[in-house]
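Reading through the structure tokens given below for one structure.
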Amino acid sequence: MMAAPSASTLIDRVDDYDRPIGVVERGAVFEQHANFRVVHIFVFDTAGRLLLQKLGHKRERNPLRWGSSVAGYLYAGESYHAAARRRLREELGLEAELDPVGRTMMIDRGSRKFIMLFRTTVSANEPRIAEKDHIEDIRFWELTEIEEALARDPEIFTETFRHVFSFFKAVTESDTPEDQEDKRQQLLDLYKVAVEEYRFQVELNWKRTQYFLALNIAILGVGTGLVKLQGPDARILVLCIFMIGCVSAILSIFATRTQHMYYRTARDNMQRQEELLQLPSPVIRTTPGMSGRKRTVRQRLGRVTTINYVLLSLLAAADIVAFVYVLRLDP
């Protein structure tokens with residue numbers, strides 16, 4: 001069993017739209033005002049009661065307050081669904097099917113906290129406290145009992161639970177089976193659009209990579225071929241060609257970086273739709289270096305984008321060397 005993320009564990013740092021932009025140590029999230037992701041699970045019994053956990057008395061935040069059945073951070077590169085299944089097992093010793101309720105966001109100490117909520121139903125005698133230093137107590141509550149307690153003394157609950165419970169009520173109170181089917185169909189439609197956008201970005205990325213390399217190799221080749229020309233006018237022409245080549249290579253690097261950002265956005269959007277639909281992620285596989293997951297140094301160096309950066313940098317350097325060489329030639 002994997003331990004819950006510690007203060008030094010790396011988790012995904014995300015932008016204002018829940019797109020991964022890097023990693024951050026869990027303990028440094030609030031200090032750096034980094035946006036981050038968590039999962040919450042509402043565990044119901046067959047009678048419709050909701051299991052709540054009282055946080056352990058040694059917890060740094062919200063000790064002895066009641067919170068969601070299960071809650072936890074995601075490891076860097078981990079999907080919402082994988083994190084939810086992991087924390088359900090680690091906290092309550094349960095293996096169960098999880099249905100996504102939806103995603104919400106709240107401001108937590110200056111950071112945007114993105115919360116994916118899942119729900120499941122189990123027998124009342126199944127949950128057990130598997131993390132005794134993490135959880136003080138668990139018990140099932142009637143939903144009306146929770147609402148009354150929230151109205152009477154909201155401070156016995158964590159702030160995040162109060163937000164998530166309100167979100168859950170807003171999402172589910174109007175949900176009929178027909179509504180749920182309509183929502184799933186809408187998600188499927190959005191997923192199809194996300195897949196098409198992803199494929200378009202992959203194809204565009206590859207075509208631009210070929211174009212930038214061919215263009216800059218051609219410029220360098222033309223300049224090199226004209227070096228043998230004599231005369232001041234020819235010398236100025238060759239110097240201009242190498243200068244244009246250097247600028248072109250540098251601009252190509254920035255253009256490649258921007259294009260890759262579009263690619264990552266399309267990839268992350270597609271993977272979010274997969275999580276909401278509970279599809280086996282990833283359905284459409286990318287290379288290890290482009291997957292958005294935590295990568296080794298070897299995988300980073302093997303990325304097509306990294307190789308492209310290196311080649312364009314070498315072309316820019318070659319243009320500079322050639323420019324200096326021509327400049328030092330006798331007129």
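Here is how the numbers come out for the structure above:
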read-out	value
Matching option when the condition is in the same structural domain as Thr256 (by TED's automatic domain parsing), loosely packed, with under 15 Cβ neighbours inside 10 Å and hydroxyl-bearing (Ser, Thr, Tyr), among Tyr211, Tyr191	Tyr211
Given (1) without any contact (Cβ under 8 Å) to a residue 60 or more places away in the chain; (2) over 20 Å from Arg272 (Cβ atoms), index of the condition His33 fails	(1)
Residue, modelled with the lowest pLDDT, within segment 14-30, restricted to residues that are farther than 17 Å from Arg267 by Cα and among the charged types (D, E, K, R)	Arg26
Flag if Ile11 is in contact with a Lys or Arg (Cβ under 6 Å, 6 or more places away or on another chain), modelled with pLDDT of 90 or more and under 30 Å from Pro127 (Cα atoms)	yes
Condition met for Leu74 (surrounded by 21 or more Cβ atoms within 10 Å (Cβ to Cβ) and under 15 Å from Phe118 (Cβ atoms))	yes
So Arg86, is it under 21 Å from Phe118 (Cβ atoms) and surrounded by 15 or more Cβ atoms within 10 Å (Cβ to Cβ)	yes
Enumerated strands (runs of 3 or more DSSP E) restricted to segment 69-179, each holding at least 1 residues that are in contact with a helix residue (DSSP H, G or I) (Cβ under 7 Å, 6 or more places away or on another chain) and either of a type in the set (Lys, Arg) or more than 29 Å from Arg19 (Cα to Cα) (or both)	135-141
Residue selected from segment 135-151 under the condition acidic (Asp, Glu) and either free of Cβ contacts under 8 Å to residues at least 24 places away in the same chain or surrounded by 14 or more Cβ atoms within 10 Å (Cβ to Cβ) (or both), by the criterion farthest from Lys169 (Cα to Cα)	Glu136
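The values are calculated or read from the model by the stated rules, or taken from the named source; none is laboratory data. Please read all numbers here as calculations on a predicted model, not as lab measurements. Reconstructed Cβ throughout: ideal geometry from the backbone, glycine too, with neighbour counts over all protein chains shown.
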